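J.: Sharing a structure with you now.
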Amino acid sequence: MRIFLKTALPVIILLFSSGLKAQHAQINWMSVEEMEAAMEKEPRKVLMDVYTSWCGPCKMMMKNTFTDPNVIAYINKYYYAVKFNAEGKDEVTFRGNTYKNPNYDPAKAKSRNGTHEFTMAVAPVNGRIAYPTIVYMDEDFAILSPVQGYLKPVQIMPILSYFGENSYKTTDWQTFSATYGQ
């Protein structure tokens, strides 16, 4: 029994505690304003999750994709991650412009859902909004691509890599995606 306590128990405790750390790893989400301030200190790409509170695929992405350890590690290494409620009521200031939800009336206790002006500035694809939309930006806030729809970890990893490691500057998406992981 003493040998167990001296050798096996510390190993079990170490494995258990490292497992707890892995379970608690999460994406370092920030607001638009926090991201803009962080960008001044250390430029990075931006990944913006444009979601709504009622969107089922948005909730699935949060539960299944944004909790994947590989996705978490990659996003935290290469990106500033922003969660943006596409129907939120708060004003947002980005690059000197203020955006608001035109349907939100602070004098009323409840307002109907409306698309936030910032959503329309960053997330449309061919003039349409869909949720979730992941907006990728470069270090100068230029929109690289809005990607609409639910993505599993295996589907988002090539996109993260394509923008995160600057492959988009030298390789078209079709070529990159056909050879990703080979």
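Read-outs: derived from the displayed coordinates by stated rules, not from any lab. Just so it is clear, the structure is predicted and the values come from calculations on it, not from any experiment. Quick reminder, even Gly has a Cβ in these numbers, built from the backbone with ideal geometry, and neighbours come from all protein chains shown.
J.: What pairs come out if I take residues in the range 163-182 that are on the phi > 0 side of the Ramachandran plot and pair them with residues that are surrounded by 10 or more Cβ atoms within 10 Å (Cβ to Cβ) and assigned to a helix (DSSP H, G or I) whose C-beta lies under 8 Å away, six or more apart or interchain?
T.: Listed pairs, sorted by first residue: 181/158.
J.: Here is a follow-up. Filter the range 35-88 down to the residues that are among the hydrophobic types (A, V, I, L, M, F, W, C), under 16 Å from residue 129 (Cα atoms) and in contact with a Lys or Arg (Cβ under 9 Å, 6 or more places away or on another chain) and list them by number. Outline the logic, then answer.
T.: To start, the set of residues in the range 35-88 that are among the hydrophobic types (A, V, I, L, M, F, W, C) comprises 35, 37-39, 46-48, 50, 54-55, 58, 60-62, 66, 71-73, 75, 81-82, 84, 86.
Add one more test, that the residue is under 16 Å from residue 129 (Cα atoms), and what stays is 48, 50, 54-55, 58, 84, 86.
48, 50 - these are the residues of the range 35-88 that are among the hydrophobic types (A, V, I, L, M, F, W, C), under 16 Å from residue 129 (Cα atoms) and in contact with a Lys or Arg (Cβ under 9 Å, 6 or more places away or on another chain).
J.: Can you name the residue in the range 55-97 that is over 22 Å from residue 141 (Cα atoms) and without any contact (Cβ under 8 Å) to a residue 24 or more places away in the chain and, of all such residues, is nearest to the chain's Cα centre (by Cα)?
T.: Out of the qualifying residues, it is 62.
J.: Are any residues in the range 39-71 surrounded by fewer than 16 Cβ atoms within 10 Å (Cβ to Cβ), of a type in the set (Ser, Thr, Tyr) and within 17 Å of residue 88 (Cα to Cα), and if so, which ones?
T.: Listed by number, the list holds a single entry, 53.
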